[in-house]
Amino acid sequence: MLPIERQRQIVAWLEEEETLSISEISRRLNVSEMTVYRDIKPLLEDKKITKTSRGVSLATIGHIPSNSCTYCLKELNNRHPVQIITNDQKVEQLCCPHCGLLRYRDIEKNVSQIICRDFLQNTTISGKLAYFLMDADFHLNCCQPQVLTFDSLKYAEQFQKGFGGVIFQFEQAIEEIVKRMNGNRSCECHQLGGSYVDK
Ligand SMILES: [Zn+2]
Ligand SMILES: [Zn+2]
């Protein structure tokens, strides 16, 4: 095995197992610990992995903890979340429909399902059949521009009567949010580094 192949293998193991000791890596690769140290040196320098008390693990920079939004990396508050199930059955958690729509657009071909929640009843609905309300005068304190989802036009309109806003269907909602983000990948909450501010 070439050093680069061993490095890839080490990273692959760490993605699954989080932490590995040097002796365990040496045993698995059937090379000396000296060789393991040489192999991981560039990974440490590139900050791909870090040393821990029990060995090495993936660096937290660029690594997404499982309780964060896949898109904006903000901690999930679970008030109005969205899930995306990919074709290989991975479940991605998104903090709100704003990130759900943008993430969907990024990985569209690999999406098997996008699951939203009706804002009033909290029932789950397929994102593609949902109604999306933007510009409502109601603040989730999540990503801007804010999007709320409803399972029927009736509920969306009821909410709209009280709080205003514009209703879109799935494809239109994606178009609209992309237009408003204007090519800017990061929503406001991202720039605040995870702790968003109540307005
Ligand atoms: Zn998000
Ligand atoms: Zn959000």
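Read-outs throughout are calculated quantities, based only on the coordinates presented, and are distinct from any laboratory measurement. Only a predicted model underlies this, so the values are computations on that prediction, with no experimental measurement involved. Cβ coordinates were reconstructed from backbone atoms using ideal geometry, including for glycine residues, and neighbour counts include every protein chain displayed.
Brief remarks on what is shown
- Each peptide in 79-86, 52-59 gets a packing score, the mean of other Cβ atoms within 10 Å over its residues, and the list from highest to lowest is 79-86, 52-59.
- In this rough spin-label picture, where each label sits 7 Å from Cα along the Cβ direction, the ARG105-LEU120 distance is 2.8 nm.
- Cα gyration tensor shape of segment 82-191, rounded if a/c is under 1.5, else prolate or oblate by comparing a/b with b/c: oblate
- Relative contact order [Cα under 8 Å, 6+ residues apart], segment 82-191, whole percent: 25
- Residues ARG27 and ASP135, FRET efficiency given R0 of 41 Å [Cβ-Cβ distance, rounded to 0.05]: 0.10
- Which listed pairs, of LYS41/LYS90; LYS90/LYS179; LYS51/LYS90; LYS90/LYS154; LYS47/LYS74, have C-alpha distances above 26 Å, in listed order: LYS41/LYS90; LYS90/LYS179; LYS51/LYS90; LYS90/LYS154
- FRET E, pair ILE85, LYS47, Förster distance 35 Å, beta-carbon r, rounded to 0.05: 0.65
- Our Cα-only numbers for the chain put the radius of gyration and Dmax at 21.3, 70 Å.
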